[in-house]
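A short worksheet on the structure shown next.
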Amino acid sequence: MKPCPFEYMRAETVEHACALLADRGEEARLLAGGQSLIPMMNLRLARPATLIDVGRLPLNSISIGARSVRIGALTRHCELIDSPELRKAAPIFAEAARYIAHPTIRRHGTAGGSAANADPTAEIPGLLSLMDGHVEATSQSGIRPVPAHELFRGAFSTSLKPDEMITALHFQVPAGTWGASFLELAEREGDFAVAAVGAIVERKGDRVTTARIMLLGADSVPVRVQAVEASLVGISITNSVATKAGADAAAAQRCYSDIRATADYRRHLLAEFTRRALLCAYERAGATA
Amino acid sequence: MKAVTLTVNGVSKTLTVEPRRLLADVLRHDFGCYGVHFGCSHGACGCCTVHVNGEPRLSCLAFAAQCDGMDIVTIEGMAAGDTLHPLQQAFIAEHGLQCGYCTPGFIMALAPFIERADEPTDEEIRQAMSGNICRCTGYHSIVASVRRAIAARKEGADA
């Protein structure tokens, strides 16, 4: 399998990349780690006329603040797993990134590339949604923050403009004591997810102060279930509470059937993963208190 | 067309390549490294794994043009003279291969793992090789090969 012919350009700086995008944005694609784009080109599902290689730009960094984490767009998935600081501040990154493909692909695939690719069941878009995140969309006009719920429009579709590139991802973490959990099922280790759930629970004593639940596999974009999240505030998460939350979260989802699973099976997984993730996140939040 | 300089197993060449040519394709056709095997061409099988600047990388998921100036090692560059790499020796000893098509990819993907891992569980070994598919062995003998290579490294370090 060989990709269609294209013109290859290497961006030397972010400004250079933005200038190339402004000039050719409509027919160009950015090449970061290439771990999703190149397979699509090999299969000729993607046929960009121009590739702008941004892979050598100095955009890999992890900065941890009191209530937020900033990940440079070219930070590789393996760095989310290997960073001791990130593991300490927000172990959910490592927990979710372990589900991304295989070790060799995780050495090259990037956080920004995954966000821009907007695969419906990809972990990085899921984390952005779960952690009320946003991306820095950079162009010659400056930097525009785009929140996750506006970024993801549909399968492999974002609201980025043709002249914009993602230069960083921002994730918000709770201020108090919190715990998180990320669960996923794939047919094979590292394969595309059938369904996944992420949960974050912040608690004071035995009571939940905030809860966030994110579902992958419910729709063509990551889904947050605000009504269920709100129903958990002020109470303790027991197995019966978590079971009901899972059932409520999944019941509202239309889900989709495809070669991997039926919509019914996806709803079943989402309900069960939500139950387990909430119990786990609640317990972890207690352990850090 | 794009001018690209690659150093492959210690030999540097500057080539003029079409941008769409995959690294695996250039390694096979322009450097004669036929141990670089195409399996699936979309990152599912791991057969084409090589080392780029010291790190395992799927050569079907990289364009040669992207790798300009980089240092590449293929399975052909793993032996030190007549002495096979410890993993190559272990694969022979433990019957870690049958048809051999996937073997270069396994060895290139696992080479950094055996340098790092001391007493891995089977689960950790299987996780480390989860990006590589073998249709012959059923993987048990590959896990045994990895264990043997790690043991050999540790013995060498003790000696």
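The values are calculated or read from the model by the stated rules, or taken from the named source; none is laboratory data. Note that this is a predicted model, so its numbers are computed, not measured. Here the Cβ is made from the backbone with ideal geometry for all residues, glycine too, and neighbour counts use every protein chain on show.
The table that follows gives values for the structure above.
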| read-out | value |
| --- | --- |
| Out of B:ASP30, B:ASP82, sole residue that is more than 14 Å from every other protein chain (Cβ to nearest Cβ), under 28 Å from A:MET9 (Cβ atoms), free of Cβ contacts under 8 Å to residues at least 60 places away in the same chain and surrounded by fewer than 17 Cβ atoms within 10 Å (Cβ to Cβ) | B:ASP30 |
| Matching residues, the range A:100-149, being part of a strand (DSSP E or B) and either more than 13 Å from the chain's Cα centre (by Cα) or surrounded by fewer than 23 Cβ atoms within 10 Å (Cβ to Cβ) (or both) | A:HIS134, A:GLU136, A:ALA137, A:THR138, A:SER139, A:GLY142, A:ILE143, A:ARG144, A:PRO145, A:VAL146, A:PRO147 |
| Residue within the range B:16-27 that is farther than 20 Å from B:ILE125 by Cα, in a loop (DSSP other than H, G, I, E, B) and among the basic types (Lys, Arg) present | yes |
| Number of the exception - B:HIS29 against (1) over 23 Å from B:GLY131 (Cα atoms); (2) touching a strand residue (DSSP E or B) at 6+ places or on another chain (Cβ under 8 Å) | (2) |
| Matching option when the condition is among the charged types (D, E, K, R), surrounded by fewer than 19 Cβ atoms within 10 Å (Cβ to Cβ) and under 19 Å from the mean Cα position of the chain (by Cα), among A:ASP206, A:ASP248, A:ASP264, A:ASP219 | A:ASP219 |
| A:ARG24 vs. criteria surrounded by fewer than 22 Cβ atoms within 10 Å (Cβ to Cβ), out of contact with any helix residue (DSSP H, G or I) (no Cβ under 9 Å at 6 or more places or on another chain), without any contact (Cβ under 8 Å) to a residue 40 or more places away in the chain and more than 14 Å from chain B (Cβ to nearest Cβ) | yes |
| Sole residue being of a type outside the set (Gly, Ala, Ser), at the interface with chain A (Cβ under 10 Å from one of its Cβ atoms) and in contact (Cβ under 8 Å) with a residue 12 or more places away in the chain, chosen from B:HIS42, B:HIS51 | B:HIS42 |
| So A:LEU80, is it among the aliphatic types (A, V, I, L, M) and within 17 Å of the chain's Cα centre (by Cα) | yes |
| Filter pass, A:GLY72 being surrounded by 18 or more Cβ atoms within 10 Å (Cβ to Cβ) and over 22 Å from B:GLY46 (Cα atoms) | yes |
| Qualifying residue in the range A:191-209 (condition: among the aromatic types (Phe, Trp, Tyr), in a loop (DSSP other than H, G, I, E, B) and modelled with pLDDT under 95) | yes |
| Residues (over 9 Å from the mean Cα position of the chain (by Cα) and surrounded by fewer than 23 Cβ atoms within 10 Å (Cβ to Cβ)) located in the range B:39-65 | B:GLY39, B:CYS40, B:SER41, B:HIS42, B:ALA44, B:CYS45, B:VAL52, B:ASN53, B:GLY54, B:GLU55 |
| Matching option when the condition is buried (at least 23 other Cβ atoms within 10 Å of the Cβ) and among the β-branched types (Val, Ile, Thr), among A:ILE237, A:ILE259 | A:ILE237 |
| A:ILE62, sole failed condition from (1) buried (at least 20 other Cβ atoms within 10 Å of the Cβ); (2) without any contact (Cβ under 8 Å) to a residue 40 or more places away in the chain; (3) among the β-branched types (Val, Ile, Thr) | (1) |
